[in-house]
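Structure first, commentary second.
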Amino acid sequence: MTRRRTVPRTRKPLAAALGAALAVPLLAAAPAAATAGQGSDAGQVTVTALKFTVRAGGRSCAIDADLYRPAGADRAHPAPAVLTTNGFGGNKADGSTAGTAKAFAARGYVALAYSGLGFGKSGCLISLDDPDLDGRAASRLLDFLAGTRAADDGTRVDFVTKDRPGDPRVGMIGGSYGGAVQLATAAVDHRVDALVPMITWNDLSYALDPNNVADRKVPGAFKWQWSNGFYLIGESQPITLPNLDPSRWGTLGCTHFVPDACTTMGLLNSGRYPAAPTAAMLRYARGVSPVSYLDRVQAPTLLIQGQTDSLFNLNEATATYNTLKENGTPAKMIWQSWGHSGGQAPGELNLAQGNLETSYTGQRILAWFDRYLRKQKHTDTGPAFAYYRDWQSGYGEASKVPPLSQKVYLSGDGKLVDNRAEVARGSRTYTNWLVPTSHSESSLAGTVGLRDPAPYDTPGTYLGWDTEPLKAPVDVVGSAKATLQVSSPEARRTQNSGDAADKLVLFAKLYDVAPDGTKTLVRRLVAPVRVPDVTRPFTVTLPGIAHRYEAGHHIEFAIAASDDAYLGNKGVKPVTVVSAPGSPGTLQLPVVNGRLN
C-alpha cells in the first residue's frame, strides 16, 4: 500500500503515434487541465492507491483506484462517499477525475476515483459501460466502501456513512463515459443514493448512428469522425500504453474492446445495413445503453448536458430525464454551455478546478449531494429544468422543458409563413453529389484546438426556408420538429432493397441569418435522417438548443443532401419538395419569448 499527498497531475498523451487528433482524451468531464481544488487544503486529505480484483466478462482483472480520505473521517465520525471515474481514454489521475475526487474530499466526503475497465492501469476489455460488466465492477467498489470487502492489499474502510449494514451512503459523479457508468451501476446496485451524470448518452445507437425520425428499426447516418476517433484510441493502446495487463487483450482484429463493439464498428464503417446484422447492431448498442435499463434506476439523478455537443446532444439527456420522471425516479436537468464540442463559458463549472461554490452548476451539484447524501431534507435542489443563456447573464429556470409552441409552414417560394393560406404553390429540388457538399463541423477539431471552417452548404445540394426579419428577439429553448413530405423516384426505387443503406438520407438544421446575410448554424448541430419511406410524410426531431434570434434576424430551416461528418447517401438521389396550402410541410419551435412573424 502506498500513500501520497494530493498533487495535481496532468494526463499522459494517449496516442502520440496516431497524431494530435487522438492525443487528447475526448470524453473528459471537464475542458481544462487540473489545478488545485478551490477551497481545498492538500494537507487535509490523505490519498491511498489501491487495487481491486474483479470479474468481468469471464475475465479476472484489477481496478486501479485512489481513495481520498478527508481529515476527521473515522469510525466515530463517518462521512458519505463519492465515487467517480474517467471519460473515454482517461484514467483515475486525469484532471477532471482526480480534480473531482479532490474537490469533494476537501468538502468532507470520502472519495474513490478509479480507472474504468480497459483504461489506465485497470484491466479487462473496454465494454462501453455495459451494466453487466462495468456496472457490476463498480458495484464491487461499493462493497469496499461498505466495509464488506477489502482491497487486494487488505485495506478496509470503516469511515463511510452507512444507511444499514452493507449499504454505504454513496453518490456518483462524472462526465461522458464516466456518466453512463453511473446509470449502469445504479441499475444493478440500488445502494447508490445519488447520481450526477454529465454530458453522456441515452442510446448509443442514436449517438453514433443517429436517425432523427421515430422509426427505431431504421438505422441512421454513421457519425464516422467521432466514432472512429474513440475506436482508434481504444485499439491503439499497445502503442500508447506498453506492458498492458493480459486481461486487456482481446482477439486478433479486436484488440481491446469486447467483440460486439468491434462488430458494431465494422458494420457502421462498411456503409451497408443488411437486415440481420443491422438488427443485431441496434440490439447491442441499445442493450449497453441507459435506454434499455432506466426502469431499474432508482437513485435521484441530476442530469447535466452540454449545449455545444455534437456527440451526445441535449436530446440524449432529455430522453433520460423524461424516462426517469415517468418511472417516478427523482430527476432534474441542467443544460450548461460546454460539451464535447467546446463552448466553455466564463464562470461555468470546471471539475478540474473544483469551482463548485462559484458556478451555478457546481452549486446545484453540492445541493443535490447535501439533500441525498447528507440527508439535509430541507435543502433546495433548484428547479426541474435550467439552461445556460449566452444572450443574458446566468441561467434560465423552468418547471419543465418548454413544449412546442409556435408553428410555421414551408412555402413553395422558400418562405416560412405562419398562416397556411399564405403558403405558395411550388416545387423545389436539390440533389446530392457522390462526395459531401455540406459542412457542419470537424468533430475532432475542438479537442486539439484546431480551427474548424465555418459551416456551409453548396448551392443546388440543399433547400432553405426563411422567416421574415424578426420584429423582436425570439428565444428558442428545446427541440424543434419538422414534418416533411419529399419526392425522390430514385430513393423510392431502391429503398426496399433489403439494405437500409439504399434509403434516402438528408440532414435538417436551423440557421440564424443576420441582416447582412451571414449564417450561423446554431451550435453546429444537425439532425441526420434516413427516411423510412419516401412515399409517406415523416417528422424530424432536431437537436435541442437554447438560442436567441435577435430582432432583424431570420430563422432559416434547411435540409441538405449531405454532411461531411457523417456517411450519407448511397448513390445519387435527387429530392423534390412540393408545397401547397392543403399539404405544406411544417416547422414547430419551442419558443419561450417572442413571436416568429
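Quick one: is residue 328 assigned to a loop (DSSP other than H, G, I, E, B), touching a Lys or Arg at 6+ places or on another chain (Cβ under 9 Å), on the phi > 0 side of the Ramachandran plot and in the same structural domain as residue 384 (by TED's automatic domain parsing)?
Details: assigned to a loop (DSSP other than H, G, I, E, B): yes; touching a Lys or Arg at 6+ places or on another chain (Cβ under 9 Å): no; on the phi > 0 side of the Ramachandran plot: yes; in the same structural domain as residue 384 (by TED's automatic domain parsing): yes.
Considered against the rule, which asks whether it is assigned to a loop (DSSP other than H, G, I, E, B), touching a Lys or Arg at 6+ places or on another chain (Cβ under 9 Å), on the phi > 0 side of the Ramachandran plot and in the same structural domain as residue 384 (by TED's automatic domain parsing), residue 328 comes out as no.
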Query raised in the report: When only residues in region 116-133 that are within 11 Å of residue 85 (Cα to Cα) and touching a helix residue (DSSP H, G or I) at 6+ places or on another chain (Cβ under 8 Å) count, which is surrounded by the most Cβ atoms within 10 Å (Cβ to Cβ)?
Result: 117
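Restricting to strands (runs of 3 or more DSSP E) lying wholly in region 421-490: which have 2 or more residues that are within 23 Å of the chain's Cα centre (by Cα) and of a type in the set (A, V, I, L, M, F, W, C)?
It comes to 474-478.
If the requirement is being among the charged types (D, E, K, R) and over 25 Å from residue 351 (Cα atoms), which of these qualifies: 193, 209? Walk me through how you get there before you give the answer.
Details: 193 fails: over 25 Å from residue 351 (Cα atoms).
Checking each option against the conditions leaves just 209.
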Report task. Give region 431-459 a look and list any residue that's surrounded by fewer than 21 Cβ atoms within 10 Å (Cβ to Cβ) and closer than 13 Å to residue 559 by Cβ, or say none. Result -> 431
Query - Condition met for residue 319 (free of Cβ contacts under 8 Å to residues at least 24 places away in the same chain and hydrophobic (A, V, I, L, M, F, W, C)) - result: no
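If you go through region 558-576 one residue at a time, how many are of a type in the set (Val, Ile, Thr), surrounded by 20 or more Cβ atoms within 10 Å (Cβ to Cβ) and either in contact with a Ser or Thr (Cβ under 7 Å, 6 or more places away or on another chain) or part of a loop (DSSP other than H, G, I, E, B) (or both)? Full working, then the answer.
At the first step, the residues of region 558-576 found to be of a type in the set (Val, Ile, Thr) are 559, 572, 575-576.
From what is left, the residues that are surrounded by 20 or more Cβ atoms within 10 Å (Cβ to Cβ) are 559, 575.
From what's left, either in contact with a Ser or Thr (Cβ under 7 Å, 6 or more places away or on another chain) or part of a loop (DSSP other than H, G, I, E, B) (or both): 575.
So the count comes out to 1.
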Query raised in the report: With 196, 181 as the choices, which residue is in contact (Cβ under 8 Å) with a residue 12 or more places away in the chain and outside any helix (DSSP H, G or I)?
Result: 196
Report summary line: Exception for residue 240 within (1) closer than 30 Å to residue 60 by Cβ; (2) modelled with pLDDT of 95 or more falls at (2)
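Restricting to region 491-519, name every residue that is in contact (Cβ under 8 Å) with a residue 60 or more places away in the chain and in a strand (DSSP E or B).
499, 505, 506, 507, 508, 509, 519, listed by residue number.
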Report task. Evaluate the following for residue 255: is it among the β-branched types (Val, Ile, Thr), outside the structural domain of residue 197 (by TED's automatic domain parsing) and within 30 Å of residue 497 (Cα to Cα)? Result -> no
Report summary line: Of (1) of a type outside the set (Lys, Arg); (2) part of a loop (DSSP other than H, G, I, E, B); (3) farther than 30 Å from residue 445 by Cα, residue 280 fails just (2)
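In region 350-388, what count of residues is obtained for those that are polar (S, T, N, Q), closer than 12 Å to residue 302 by Cβ and not in a helix (DSSP H, G or I)?
So the first thing to find is which residues in region 350-388 are polar (S, T, N, Q), and the list is 350, 353, 355, 358-359, 361, 363, 376, 379, 381.
Next cut, closer than 12 Å to residue 302 by Cβ only: 361, 363, 381.
Next, from what is left, pick out any that are not in a helix (DSSP H, G or I): 381.
Adding up the residues that qualify gives 1.
The values are calculated or read from the model by the stated rules, or taken from the named source; none is laboratory data. These numbers come from a predicted model, not from an experiment. Glycine gets a Cβ as well: all are built from the backbone with ideal geometry, and neighbour counts include every protein chain shown.
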